[in-house]
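> First the structure, then my questions, so here it is.
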Amino acid sequence: MQQPHVPTPGRATGATAPDTAEPAVPPAPGAARILVVDDDATVAEIVAGYLGRAGYTVDRADDGPSALARAAAGRPDLVVLDLMLPGMDGLEVCRRLRATAPVPVVMLTARGDEDDRILGLEVGADDYVTKPFSPRELVLRVRSVLRRTLPAADARPLTAAGLAVDPGARRATRDGTELALTLREFDLLAFFLGHPGKAYSREDLMREVWGWDFGDLSTVTVHVRRLRGKIEHDPARPRLIQTVWGVGYRFDPSGLEGTG
């Protein structure tokens, strides 16, 4: 992922130290509860401080078991989760969180390896930020993810090829059975159902679904693969979300015609 400008670096693997030249993020509407999970007390303090000043209620945990216990005691609206936790790592924590509830997760990682970022997305993270990072950028990412959790009361239900999406209820089904989708998977499916038959590049999908003008395009690839695994009868031979070579992807609701 292209990294934002970092004004004054703190620890090499942590958050950017607060800088008076860095503009504050305007307060968030409403007091969403954010659980910050990081064993580095300095990083956790900086992140919690920025989120608190942005208007969020912040809870903290320094390891996996504590994070799961806090989430079980009171479900957070979003979890900021470090990948490199002692004992139970962030991937396992994310798996367990996603197994119990569709809580949005923004993952922090000090690793630059693309495989680690993809693993985080594969287990259900909605976004990730690579250390060292600007706390302000993290707050904006958190706000972007939370904004997409709000029910779209004015959006119409969408149906095609046995799939149904109700944006207002944030509910999706296939052949009447509810689908367990992450936040981004839901948004991606809703976008495809709303724009059938048209090919979109990964850049187009990142802009329309994620709301980003730049970023790591493997994020889109991973989410398409995960979504195919949940809506296609044979994900290895997808008929609904088709690859358009040299362009990107196209949703074809007629892809199931003639199949039994």
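> For the full complex of protein chains and a 1.4 angstrom probe, list K198, K230, K131 by accessible area with the highest value first.
So the residues, ranked largest to smallest area, are K198, K230, K131.
> Same structure, new question: How much accessible surface does D234 have with a 1.4 Å probe, in Å² rounded to 10?
The accessible area comes out at roughly 70 Å².
> With a 1.4 Å probe and all protein chains in place, put S254, S218 in order of accessible area, largest first.
Per-residue accessible area, sorted high to low, gives S254, S218.
> Enter the accessible area of D39 (Å², nearest 10), with the probe set to 1.4 Å and all protein chains included.
Counting only protein heavy atoms, D39 exposes about 80 Å² to solvent.
> In the range 179-220, which residues have a backbone nitrogen under 17 Å from the label point lying 7 Å from T243's Cα in the Cα-to-Cβ direction?
Inside the label zone: 199-203, 217-220.
> Please give the length that would be gained between R156 and D175 if that part of the chain were fully extended, namely 0.36 nm times their separation in residues minus their C-alpha to C-alpha distance (nm, one decimal).
Fully extending the segment from R156 to D175 adds 5.0 nm.
> Given a Förster radius of 35 Å and the C-beta distance between D39 and T221 as r, what FRET efficiency does 1/(1 + (r/R0)^6) yield to the nearest 0.05?
Computed FRET efficiency for D39 and T221: 0.70.
> Assuming a viscosity of 1.567 mPa s and a temperature of 4 °C, what translational diffusion coefficient in µm² per second does Stokes-Einstein assign to the range 34-123, Rh being the Kirkwood radius over Cα pairs?
100 µm²/s
> To the nearest Å, what is the center-to-center distance of the range 32-50 and the range 60-83, using C-alpha atoms only?
11 Å
> While we're looking at this one, here's another question. Which whole-Hz couplings ³J(HN,Hα) result when phi for each residue of the range 93-105 is put into the Karplus expression 6.51 cos²θ - 1.76 cosθ + 1.60, θ = phi - 60°, listed in order with x for Gly and Pro?
After applying 6.51 cos²θ - 1.76 cosθ + 1.60, I find 4, 4, 4, 5, 5, 5, 6, 9, 6, x, 6, x, 10 Hz.
> Further question on the same structure: Only Lys, Arg, Asp and Glu count, each charged at its Cβ (+1, +1, -1, -1), so figure out the dipole size of the range 83-203 about its Cα centre, rounded to 20 debye.
That gives the range 83-203 a dipole magnitude of about 380 debye.
> Using the Kirkwood radius built from alpha carbon pairs, what does the Stokes-Einstein equation give as D for the range 198-246 at 4 °C and 1.567 mPa s, in µm² per second?
Working: Rh = 11.5 Å.
My calculation gives 113 µm²/s for D.
> Here's another thing I want to ask about it. Give the relative contact order (percent, whole number) for the range 163-254; include only Cα pairs under 8 Å separated by 6+ residues.
It comes to 28 percent, rounded to a whole number.
> Quick one: the Cα spread of the range 118-222 along its three principal axes, in angstroms, biggest first?
Largest to smallest, the principal-axis extents are 44, 27, 26 Å.
The values are calculated or read from the model by the stated rules, or taken from the named source; none is laboratory data. All of these numbers come straight from a predicted model, not from anything done at the bench. Backbone-built Cβ (ideal geometry, glycine too); neighbour counts: all protein chains shown. All accessible areas refer to the heavy atoms of the entire protein, side chains included, with ligands and DNA or RNA removed. Shrake-Rupley method; radii C 1.70, N 1.55, O 1.52, S 1.80 Å.
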